[in-house]
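Following this message is one structure expressed as structure tokens.
The values are calculated or read from the model by the stated rules, or taken from the named source; none is laboratory data. The model shown is predicted, which means the values in this text are computed figures rather than measured ones. Please note: Cβ atoms are built from the backbone with ideal geometry, for glycine as well, and neighbour counts cover all protein chains shown. Side chains included, ligands, DNA and RNA excluded: accessible areas come from the protein's heavy atoms. Shrake-Rupley method; radii C 1.70, N 1.55, O 1.52, S 1.80 Å.
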Amino acid sequence: MATRSSIYGLMAEFDDPAALVTAAQRARQDGYSCMDGYAPYPIEELHHALGSPTTRLPLVVLIGGLLGCGGGYAMQYWMSAVAYPLNIGGKPLHSWPAFIPVTFECTILAAALSAVLGMLALNGLPQPYHPVFNVPRFALASRNRFFLCIEAADPKFDLEQTRRFLETLNPREVSTVAD
Amino acid sequence: MVINETADVAIPELAGVQRRAFAVGAVAALVSAIGLFVNVDQFLQSYLMAFMWCLGVTLGCLALGMVHQLSGGAWGVVLRRPIGAAARVLPVMTALFLPIVVGARHLYIWTHADVVAADEALQHKQLYLNTPFWIVRAILYFAVWNALSYVLNRWSAEQDRTADPRIARKMQLVSAGGLVAYGVTITFASFDWLMSLEPRWYSTIYGVLVMGGQGLSALAFLIVTIVWLSRRAPLDRIIVASHFHDVGNLMLAFVMLWAYFSFSQYLIIWAGNLPAEIAWYQHRLQTGWRAVGVALVLFHFAVPFVLLLSRVIKRTPDLLVKVALGVLFVRLIDLFWLIAPEFHMQGLAISWLDVALPIALAAVWLGCFVRQLRGRAILPVHDPQFDEALGRIIERGAPPRTRTSEP
């Protein structure tokens, strides 16, 4: 028998997406917050039912974009006015209109890179190991089954009580997820 | 109550809005008419600006409607009826163009034989820039726009009545050709009516600049309309935050598009630095008009851009409508920037007619729009995308679509 510390959580298996969404809602009403739902395809309602946590990704993208904007402009200023001053059509060395297109492109580039890298950093991907795969039946999550896993990290988690709670949701099966 | 009742029955407040709009329009038009006797030139300059402002919403709606026929999307299903009603104001806009034809001599210096005789460049342009051909072209533009609006609106009404699925396909085909026709006609119309105010100057991006502005005007107006409608039955249970989010994103895209076109024009002319091209900016940037230019950069681009980045603002109708009203107002300022400096090259000059005439035309336009909106159901209940766009609306407590609903 696994000890308490080596348990990742408890996982309930459902036949259809509606049951999973209802289960997630019930679990949240019951006070659980550390949990996740697994389905073969995206379910918009599930996102709401799980109480989607606010993400810091927009802030990361904004900071990335602003850095790209300032960096792009500064790079051009340094190149055109400091490192290699060149008289083009009699215009001032620091000609801001000419710098705008590249500044814009740098903003988009840095914002897009921050979005991709920030997303990976915040969601922890790529992740070669995840405890939920210790449950053999979890392979069905990519076919036709729907899973709700309440994690042991949840303050309200209790192996016996949480199992009893999950049983009330009419799952096909409740399995213990080893860490 | 059912959704396919006419808006007149479903939303009784519309009658009052129409009455008030026409009342304001009549008063403002009477006051503006004084300007006709005081200063005809100024009257026509302000009239052209006010006319292009209202035409922008009308044609922008027609074009967005055609875009939606081709692209699909929930945003357009919710907006279909306001879009159609705005496009049906086109016959009135056609009639309102007549003062510009009659007063062309007060607006366009290329209509003066003595000016043309003294300028070799204008003599070469006379093959295109002459009054008869200019009038023929205007007739052609309005014919194309009216025909598109008429055909699409008629089929949309037929779709409501018969629920014939083949009609959607027909509307798609007409919209594909119609968008090309709109692109060509509005490009030449903007050359004829706005760019030729300074006939020696030219900018090839001018047409799409005006086109992008019309799309933006139309979106801002449509947002104001659906926010108003979403506060009343039956749309209060149908329009949800995601619809506002979509149109908010579209408005953000058009704000950026306008900024892109405007800046491209400036950058190319600034980089080329040719005497014939920079004159247009010299009148504007080396005089008091510069303040208007700076205001446009701030309030036509920077402020709405930053505000519309926010997800919260796009999903909160009360905040989104404020941004949209602001955008509608700066659209007028942008037209002021395109038109007024041509007649007041020495510096910034605002006439009381620049205020009175936009109010008059916009109020009359709004009255006509509401009158058109009242005549049909507020949603296209037999649009093939209806269910997908609006979801299970009955579960949100909305009334049924039709009285004789299918089993």
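Mind listing whichever residues of region A:76-92 are away from chain B (no Cβ under 12 Å) and among the small types (Gly, Ala, Ser)?
A:Ser80, A:Ala81, A:Ala83
In a helix (DSSP H, G or I), more than 14 Å from chain A (Cβ to nearest Cβ), in contact (Cβ under 8 Å) with a residue 60 or more places away in the chain and open to solvent by 30 Å² or more (accessible area, probe 1.4 Å): is that true of B:Ala276 in this structure?
In short, yes.
In addition: Among the residues of region B:232-241, is there at least one that is within 14 Å of chain A (Cβ to nearest Cβ) and either open to solvent by less than 20 Å² (accessible area, probe 1.4 Å) or closer than 28 Å to B:Leu390 by Cα (or both)?
yes
Residues checked against (1) at pLDDT below 95; (2) under 25 Å from the mean Cα position of the chain (by Cα); (3) over 18 Å from B:Trp228 (Cβ atoms):
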site	(1), (2), (3)
B:Val2	yes, no, yes
B:Val9	yes, no, no
B:Ala21	no, yes, no
B:Leu30	no, yes, yes
B:Val38	yes, no, yes
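Criterion first (more than 21 Å from A:His47 (Cβ to Cβ), open to solvent by less than 70 Å² (accessible area, probe 1.4 Å) and away from every other protein chain (no Cβ under 14 Å)) does A:Ser95 satisfy it?
So A:Ser95 does not fit the description; no.
Residues checked against (1) more than 15 Å from A:Arg26 (Cβ to Cβ); (2) open to solvent by less than 70 Å² (accessible area, probe 1.4 Å); (3) at pLDDT below 90:
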residue	(1), (2), (3)
A:Phe138	yes, yes, yes
A:Ala141	yes, yes, yes
A:Asn144	yes, no, yes
A:Glu167	no, no, yes
A:Asn170	no, no, yes
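Okay, next question. Does B:Ala168 satisfy the criteria of being away from chain A (no Cβ under 14 Å), open to solvent by 40 Å² or more (accessible area, probe 1.4 Å) and small (Gly, Ala, Ser)?
Judged against the criteria, B:Ala168 is not a match.
If you scan region B:133-146, which residues turn out to be within 21 Å of the chain's Cα centre (by Cα) and either open to solvent by less than 50 Å² (accessible area, probe 1.4 Å) or over 12 Å from B:Ala181 (Cβ atoms) (or both)?
Correct list: B:Arg137, B:Ala138, B:Ile139, B:Tyr141, B:Phe142, B:Val144, B:Trp145, B:Asn146.
Same structure, new question: Give B:Ala10, B:Ala50, B:Ala63, B:Ala87 a once-over and let me know the one that is touching a Pro at 6+ places or on another chain (Cβ under 7 Å) and crowded, with 24+ Cβ neighbours inside 10 Å.
B:Ala50
Does B:Ala259 qualify as being within 14 Å of chain A (Cβ to nearest Cβ), in contact (Cβ under 8 Å) with a residue 12 or more places away in the chain and either in contact with a helix residue (DSSP H, G or I) (Cβ under 6 Å, 6 or more places away or on another chain) or surrounded by fewer than 17 Cβ atoms within 10 Å (Cβ to Cβ) (or both)?
In short, yes.
Going by the structure shown, is A:Thr103 under 24 Å from the mean Cα position of the chain (by Cα) and either within 30 Å of B:Gln265 (Cα to Cα) or within 14 Å of chain B (Cβ to nearest Cβ) (or both)?
Against the criterion (under 24 Å from the mean Cα position of the chain (by Cα) and either within 30 Å of B:Gln265 (Cα to Cα) or within 14 Å of chain B (Cβ to nearest Cβ) (or both)), A:Thr103 does not qualify.
What number goes with the only condition from (1) modelled with pLDDT of 95 or more; (2) farther than 30 Å from B:Glu120 by Cα; (3) open to solvent by less than 40 Å² (accessible area, probe 1.4 Å); (4) hydrophobic (A, V, I, L, M, F, W, C) that B:Leu209 does not pass?
(2)
Related question: Is there any pair linking a residue in region B:106-124 that is without any contact (Cβ under 8 Å) to a residue 24 or more places away in the chain to one that is open to solvent by less than 50 Å² (accessible area, probe 1.4 Å) and among the aromatic types (Phe, Trp, Tyr), with Cβ under 7 Å and at least six apart or on different chains, and which?
The qualifying pairs are B:Val116/B:Trp110.
Another question, if that's okay. Looking for something in a helix (DSSP H, G or I) and more than 14 Å from chain B (Cβ to nearest Cβ) - is there at least one such residue anywhere in region A:151-160?
yes
Quick one: which residue in A:Tyr129, A:Tyr73 is open to solvent by 30 Å² or more (accessible area, probe 1.4 Å), farther than 25 Å from B:Phe263 by Cα, of a type outside the set (Lys, Arg) and away from every other protein chain (no Cβ under 14 Å)?
A:Tyr129
Among the helices (runs of 4 or more DSSP H) lying completely within region A:1-94, list those that include at least 3 residues that are at pLDDT below 90.
Counting at least 3 such residues, we get A:17-29, A:44-49.
Only residues that are closer than 20 Å to A:Leu66 by Cβ and either more than 14 Å from chain A (Cβ to nearest Cβ) or open to solvent by less than 40 Å² (accessible area, probe 1.4 Å) (or both): list them for region B:279-303, please.
B:Leu298, B:Ala302, B:Val303
For B:His245, which of the numbered conditions (1) open to solvent by less than 50 Å² (accessible area, probe 1.4 Å); (2) in contact (Cβ under 8 Å) with a residue 12 or more places away in the chain; (3) over 30 Å from B:Asn4 (Cα atoms) fails to hold?
All conditions are met except number (3).
Filtering region B:310-325 down to residues that are in contact with a helix residue (DSSP H, G or I) (Cβ under 7 Å, 6 or more places away or on another chain) and not basic (Lys, Arg), which residue is surrounded by the fewest Cβ atoms within 10 Å (Cβ to Cβ)?
B:Leu325
Is there a residue being part of a loop (DSSP other than H, G, I, E, B), surrounded by 13 or more Cβ atoms within 10 Å (Cβ to Cβ) and among the hydrophobic types (A, V, I, L, M, F, W, C) anywhere in region A:113-125?
no
Give the residues of region B:304-321 that are within 20 Å of the chain's Cα centre (by Cα) and away from chain A (no Cβ under 14 Å), sorted by residue number.
If the condition is that a residue be within 20 Å of the chain's Cα centre (by Cα) and away from chain A (no Cβ under 14 Å), then B:Pro304, B:Leu320, B:Val321 are the ones that fit.
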